[in-house]
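Okay, so here's the structure we're looking at.
The values are calculated or read from the model by the stated rules, or taken from the named source; none is laboratory data. As the structure is a prediction and not an experimental result, all values here were calculated from the model. Reconstructed Cβ throughout: ideal geometry from the backbone, glycine too, with neighbour counts over all protein chains shown.
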Amino acid sequence: MGDTAIGWKPWPGAFSSSSGWGLKQFKALTAEERRQAEDCREPYLRICPKVERGPNKGEPKPVAIGVYLREKKFLDVMASAPRLVERSSQAATTVETARQAPFGPIWAARRMLALLDGPVEVELGDDIHRSMQGRYAIAKRMGERKALAFLQERNLSVGADGTLIFPDDFEAQERARRIPTEGYPLVHKLDADARGRQSIAVPTELQALKPLMEPVPVHSDMWARWEAWHAENGFAFVPDPGSMSVVYFPAGGPDDLDDFARAARSIINDGEADADATV
């Protein structure tokens with residue numbers, strides 16, 4: 001699923017595919033095959049085809065994580081790119097990390113970059129229509145109000161025979177509806193850590209992001225500007241900071257976000273280049 005402490009992003013589509021089926025494929029592997037699957041994870045994502053257009057252009061376009069395990073794609077990677085596998089394994093075991101507090105500059109920088117990078121691909125599954133029919137049946141058992149809310153939320157209607165009637169653009173609507181909850185897995189993880197007051201582990205080179213951030217007093221005018229920016233872009237605002245008096249945001253406010261993103265990505269890319277040069 002990824003390891004943000006060492007810079008591994010979530011597997012594309014992993015949060016919207018069947019976790020149970022994927023886990024079944026993992027259990028079918030031997031202990032050695034599981035280790036090989038992990039060692040080859042990043043090399044596989046690096047060499048697989050890339051998304052050609054859209055908001056995820058340039059990102060890897062792999063098979064589902066369960067298929068990667070079932071078809072033992074990692075064996076293909078070991079055969080075709082053994083040196084890449086070796087370098088990736090060395091990098092994963094030598095990266096230095098440091099703990100960072102929630103609502104602090106590094107936590108906030110990573111959260112903002114995850115929002116600016118845009119949502120990961122949201123997969124609806126092979127038979128979304130049948131799935132909706134089953135979920136509607138569950139809602140009906142919970143009462144008429146629940147069933148009506150289910151239909152209204154998804155812009156569905158019911159035919160005379162009791163089956164759902166889907167609008168022509170249902171899949172696009174459903175994908176857009178799910179983006180706030182499924183499209184930003186790193187943001188949701190960071191927010192969950194913040195609610196639990198859990199620190200996060202990040203590569204030490206990301207300390208260089210600190211000068212790009214500034215403390216913003218809770219409920220100040222700048223706080224209100226950031227809250228409005230999140231609402232205007234359809235993003236969830238930062239969790240309740242409780243007794244904390246300040247939360248960090250990119251310096252200069254929403255109007256200077258382009259400068260922040262450019263500088264932050266330059267720092268991250270330089271760190272990745274240095275890591276590649278040492279293995």
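Of all residues in segment 122-137, count the ones that are in a loop (DSSP other than H, G, I, E, B), charged (D, E, K, R) and surrounded by fewer than 18 Cβ atoms within 10 Å (Cβ to Cβ).
2
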Identify, please: which residue in segment 88-112 is surrounded by fewer than 19 Cβ atoms within 10 Å (Cβ to Cβ) and under 30 Å from PRO254 (Cα atoms) and is, among those, modelled with the highest pLDDT? ALA101
Of the conditions (1) in contact with a strand residue (DSSP E or B) (Cβ under 7 Å, 6 or more places away or on another chain); (2) at pLDDT 90 or above; (3) buried (at least 18 other Cβ atoms within 10 Å of the Cβ), ILE200 satisfies every one except a single condition; which number is it? (2)
Pull up segment 159-173, narrow it to residues that are over 12 Å from MET132 (Cα atoms) and surrounded by 12 or more Cβ atoms within 10 Å (Cβ to Cβ), then point me to the one that is modelled with the lowest pLDDT. GLN173
Would you check if GLU174 is touching a Phe, Trp or Tyr at 6+ places or on another chain (Cβ under 6 Å) and charged (D, E, K, R)? no
